[in-house]
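Note sheet for the following structure.
Bear in mind these aren't lab numbers, they're just calculated from the coordinates by the rules spelled out. All figures in this text were calculated on a predicted structure; none of them were measured in a lab. When we count neighbours, we look across all protein chains shown, and the Cβ atoms used for this are built from the backbone with ideal geometry, even at glycine.
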Amino acid sequence: MGGIYGFPIIHHPEVGHPGDGKILDKTVVLDGKVEVRKMLPLSLSFDHRVVDGAEAVRFMNTVIEFLEDPGLILMEE
């Protein structure tokens, strides 16, 4: 429909829901150099009565790691 980003809404009995947006080219600074990179906005809605905010952030950081380096999914710990 042409949207760039949506905000996830949780419904009972859900306790969390990830959201994503449209991948767009964005200007970023990496190692002091300006580059254009594909960026994917991510969000996470969750019920604080059930999920601790720190755990939700750790989950989202893990998702980001896997998106940045999909080979990590195949690696054993």
What is the set of long-range amide H partners of Leu44 at a cut-off below 5 Å, with H atoms built 1.01 Å from backbone N?
Gly19
Arrange the peptides 3-14, 39-50 so that the one whose residues have, on average, the most other Cβ atoms within 10 Å appears first.
39-50, 3-14
Its Cα gyration tensor gives the chain an equivalent ellipsoid whose semi-axes in whole Å, largest first, are 26, 19, 12
